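The values are calculated or read from the model by the stated rules, or taken from the named source; none is laboratory data. Quick caveat: nothing in here was measured; it's all calculated off a predicted structure. No Cβ is skipped: glycine too gets one built from the backbone with ideal geometry, and neighbour counts run over all protein chains shown.
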Amino acid sequence: MIDSAEGKNMLQGKTVAFYTLGCKLNFSETSTIGRSFKEMGFETVKMTEKADIYVINTCSVTDQADKKCRQAIKKVIKTNPNAFVAVIGCYAQLKPKEILEIPGVNLVLGANEKFNIHKYIDHLEKNGTGDLQPCEVESVKDFHSSYSMGDRTRCFLKIQDGCNYFCTYCTIPYARGRSRNNSIADTVKQAEKVAAEGAKEIILTGVNIGDFGKSTNETFLDLIKELEKVDGIERFRISSIEPNLLSNEIIDFVAQSKKFVNHFHIPLQAGSNKVLKLMKRRYDRELFAQRIEKIKSLLPDAFIGVDVIAGSRGESEEDFNDAYKFINELPISQLHVFPYSERQGTKALEIKESVPVEERKRRAKMFQILSEKKLRAFYQEHLNEKLEVLFEGFNDNGKMYGFTENYIKVEIPYNQNLGNQLAKVQLKNINDKGNVNAELINAAEFSFKPII
Ligand code: SF4
């Protein structure tokens, strides 16, 4: 283990590359681990470049995700046989031995140890067998603050980890442990740090963020009230929040907030009450519809993204058709569709009726088409409006992108003075890529700004 100054000196000038699979939470954690490598003297390089150590942060949300992780690990080892390869994340917690069996993997760390990775990298020597530091998920109790800065425009701030819900199809509680969080005071300090680094937008991220406060006797509502006061942050977005936890008080607060934007992401998962029950979700579809109605009554322009799983165990054709009709009638803006995937160790496997894989794909495709229709209709509704956009600094072949408060993806010709700036645009038309072309309203204001 590395703890001595001598050990740290040995790592000066070494290179590290990171690869992240899965959710925004993983991205925020990789960023935080990346900053600790920097403090040790490592230089971060791209995944495609030669590095002394590769850290792969994995996801295990579906079988497909596990497969992608194995492919990524093997690819790294094949192209860099002499590099030190460390694997962390949900797949590493759930199936550590499976990963260690891949020849060339040096280190597999469970959920407790991933933030201590620097202690295990020793002299970066590859040994034949690799090192496994697993942990029982019951012992995962610490909360590690994390945030990812990306291109400085938007920051994913981790406010909560773990979940106590144990929905029957989900492995996350087994991979990330019980629900926990930092105090409101410490979370606000993190947000202030992010503001000081120059980000203008924070996206609140976690596994079950509405559950914030479980371990500190506080509430999510109190947290967002305090975050609203953080200077320097112009926008906050609430990422995925369970419908039963998205209370009317939270919606009321967002509706009058100057910083929390009119964008919601709510996991429905099934549009039939029978399947919701089989999933052991904590609401029925009537409650879900009420939440949407409440949002739309106060914030008619709000963007509402909805997660849905197609072809879950026990979902008959009739259930699917009923769910499709229900979702079609909801005034939502986009669906995030996942075909159901069996996960080892989950209660859902006890449900006898299984939907054939091809049928799951067909149902997922139908939802996907519905989602495209809904997104287009949402964009269409807002054409010609004058809205504020936060632009990202990235130059994509002469184009740049940004989002309105209500999550419309806007495209304009690249202007180096606009990166990480809020600017008013008029929405013009939907282009081939599905983005909205727009015209800057106050173009002159951005002609002479210093390059940031
Ligand atoms: S709420 Fe359900 S689906 Fe979401 S992480 Fe918890 S157990 Fe998984």
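Name the pairs: first residue in the stretch 155-173 and within 16 Å of Lys141 (Cβ to Cβ), second residue near the ligand (Cβ under 7 Å from one of its atoms) and not in a loop (DSSP other than H, G, I, E, B), Cβ to Cβ under 6 Å, at least 6 apart or on different chains? That search, which allows pairs on different chains as well, returns Cys163/Ile172; Cys163/Pro173.
Of all residues in the stretch 344-392, those that are over 30 Å from Gln416 (Cβ atoms) and of a type outside the set (Lys, Arg) total 26. Kindly check whether there is at least one residue in the stretch 381-392 that is of a type outside the set (A, V, I, L, M, F, W, C), modelled with pLDDT of 95 or more and part of a strand (DSSP E or B). Yes, there is a match, as at least one residue in the stretch 381-392 is of a type outside the set (A, V, I, L, M, F, W, C), modelled with pLDDT of 95 or more and part of a strand (DSSP E or B). Reported count of residues in the stretch 155-169, each being within 17 Å of Asn26 (Cα to Cα) and within 8 Å of the ligand (Cβ to nearest atom), is 1.
Residues are listed down the side, and each one gets a yes or a no for (1) under 25 Å from Val207 (Cβ atoms); (2) of a type outside the set (A, V, I, L, M); (3) in a helix (DSSP H, G or I):
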residue	(1), (2), (3)
Pro81	no, yes, no
Ala86	yes, no, no
Ala92	yes, no, yes
Gly104	no, yes, no
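Pairing residues of the stretch 350-364 that are farther than 9 Å from Pro339 by Cβ with residues that are assigned to a helix (DSSP H, G or I), at Cβ distances under 7 Å and at least 6 apart in sequence or on separate chains, gives Ile351/Leu278. When Ile202 is tested against (1) under 24 Å from Met149 (Cα atoms); (2) buried (at least 23 other Cβ atoms within 10 Å of the Cβ); (3) within 16 Å of the ligand (Cβ to nearest atom), just one condition goes unmet, and that condition is (3). Criterion applied to Ala302, Ala323, Ala270 was being within 16 Å of the ligand (Cβ to nearest atom), of a type in the set (A, V, I, L, M, F, W, C) and either touching a Ser or Thr at 6+ places or on another chain (Cβ under 8 Å) or in contact (Cβ under 8 Å) with a residue 12 or more places away in the chain (or both), and the one residue passing it is Ala270. Among the residues making up the stretch 347-373, those that are β-branched (Val, Ile, Thr) and closer than 20 Å to Met279 by Cβ are Ile351, Val355, Val357.
Pairs meeting the criteria (first residue in the stretch 33-45 and closer than 12 Å to Tyr147 by Cα, second residue among the hydroxyl-bearing types (Ser, Thr, Tyr) and surrounded by 14 or more Cβ atoms within 10 Å (Cβ to Cβ), beta carbons under 9 Å, at least 6 apart or on different chains) are Ile33/Ser146; Gly34/Thr44; Gly34/Ser148.
Every residue, every condition in (1) under 16 Å from Gln160 (Cβ atoms); (2) assigned by TED's automatic domain parsing to the domain that holds Ser28; (3) surrounded by 18 or more Cβ atoms within 10 Å (Cβ to Cβ); (4) within 16 Å of the ligand (Cβ to nearest atom), yes or no:
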residue	(1), (2), (3), (4)
Glu197	no, no, no, no
Ile209	yes, no, yes, yes
Thr216	yes, no, no, no
Leu227	yes, no, yes, no
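Looking only at the stretch 170-201, how many residues end up being under 19 Å from the mean Cα position of the chain (by Cα) and not in a helix (DSSP H, G or I)? Number of matching residues: 11.
With the condition kept exactly as written, say whether any residue in the stretch 243-258 is within 16 Å of the ligand (Cβ to nearest atom) and among the hydrophobic types (A, V, I, L, M, F, W, C). For the stretch 243-258, residues within 16 Å of the ligand (Cβ to nearest atom) and among the hydrophobic types (A, V, I, L, M, F, W, C): present. Among the residues of the stretch 370-392, is there at least one that is touching a residue at least 60 places away in the same chain (Cβ under 8 Å), in contact with a Lys or Arg (Cβ under 9 Å, 6 or more places away or on another chain) and of a type outside the set (Ser, Thr, Tyr)? Yes, the stretch 370-392 contains a residue that is touching a residue at least 60 places away in the same chain (Cβ under 8 Å), in contact with a Lys or Arg (Cβ under 9 Å, 6 or more places away or on another chain) and of a type outside the set (Ser, Thr, Tyr). Filter the stretch 393-411 down to residues that are among the aromatic types (Phe, Trp, Tyr) and not in a loop (DSSP other than H, G, I, E, B) and give me whichever is farthest from the chain's Cα centre (by Cα). This residue is Tyr401.
Residue by residue, here is whether (1) at pLDDT 95 or above; (2) assigned by TED's automatic domain parsing to the domain that holds Ala323 holds:
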site	(1), (2)
Lys361	yes, yes
Ala364	yes, yes
Phe367	yes, yes
Leu370	yes, yes
Phe394	no, no
Tyr401	yes, no
